[in-house]
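Okay, structure first, notes after.
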Amino acid sequence: MARGNKTTEFLKECLSDALIQLMREKDFEKISIKEIADTAGVGRATWFRNYTSKNEALTFKFVQVWKRWADEHAIAVRDRFDLANAKNFFQFNYEIKHILEIVYTSNMQSAIYDAFYQVMMPQYGANAKECYQARFYSYGLFGLLDEWIKRGFKESVEEMVIFFYQIIKN
């Protein structure tokens, strides 16, 4: 990756982190771009060069965190979710539950789904079956994650994997 790209990704993540930090303190709708930029220690222009919305910043954060987590855990298949890697999906989300809970408190679940979709779609081309399959898994897994978060992560990662297998099997 070129130095400019690394710098851009770093700045984008600083802005995303600042947004999440501010979400702990105040309503999402009331967070201004100026507050985000000030918290990140950058100018407002940096925000507008990189993002068009706060939702986009959250989505970027989830994609970046997933990529790092997948690298750290040597996940070979990281751009789709299926029976073979369901445990990785639930383990990852359990480990970032503190961020997920903040996002849910702000009713910004769409950023989570958007991140799933971005992660899963790059591998699919014009093949209709693969496109439908990607949508199926992204909506289905998001539904399971959504309920798990709303239930306060009461079930273990292993229990969620079992539920996933049972649902897919039936």
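Here the Karplus relation 6.51 cos²θ - 1.76 cosθ + 1.60, evaluated at θ = phi - 60°, turns the backbone of region 128-141 into coupling constants of 4, 4, 5, 5, 5, 5, 4, 5, 4, 5, 5, 5, x, 5 Hz, with x for every Gly and Pro. Between the alpha-carbon centres of region 1-45 and region 100-117 there is a gap of 17 Å.
Along its principal axes, the chain has C-alpha extents of 52, 36, 29 angstrom, given from the largest down. Over the chain, dividing the summed -39,500 (n - 2.57) contributions of all DSSP H runs of at least 4 residues by the number of residues returns a 222 nm mean residue ellipticity of -23500 deg cm²/dmol.
Could you give the length gained on full extension between Ala76 and Ser32, defined as 0.36 nm per residue of separation minus the Cα-Cα distance, in nm? Kindly include the intermediate steps, with their values, before the conclusion.
Values: separation 44, 0.36 × 44 = 15.84 nm, distance 3.88 nm.
Extra length from Ala76 to Ser32 when fully extended: 12.0 nm.
Residues in region 156-164 carry Karplus couplings, in order, of 6, 4, 4, 5, 5, 5, 4, 4, 4 Hz; the curve used is 6.51 cos²θ - 1.76 cosθ + 1.60 with θ = phi - 60°, and Gly or Pro positions show x.
Any chance you could give the angle, 0 to 90 degrees and rounded to 10, that helix 54-72 forms with the longest Cα principal axis of the chain? It is inclined by approximately 60 degrees. For a straight C-alpha distance cut-off of 23 angstrom, the lysines reachable from Lys97 (same-chain residues fewer than eight places away being disregarded) are Lys12, Lys26, Lys54, Lys61, Lys67, Lys87, Lys150, Lys154.
Karplus-derived 3J(HN,Hα) values for region 30-38, using 6.51 cos²θ - 1.76 cosθ + 1.60 with θ = phi - 60°, are 8, 7, 8, 4, 4, 4, 4, 4, 4 Hz; glycine and proline are entered as x. Taking other residues whose beta carbon is less than 10 angstrom from the beta carbon of Ala18, and scoring Lys, Arg as +1 and Asp, Glu as -1, yields -4.
Here the alpha carbons of region 1-51 define both size measures, Rg and Dmax, at 11.3, 36 Å.
For the chain, the longest principal axis of the C-alpha atoms and the axis of helix 86-95 are separated by about 30°.
Bear in mind that the values in this text are calculations on the coordinates, not laboratory data. It should be emphasised that the depicted structure is a prediction, and the values quoted were computed from it without experimental measurement. Cβ atoms come from the backbone with ideal geometry, glycine included; neighbour counts cover every protein chain shown.
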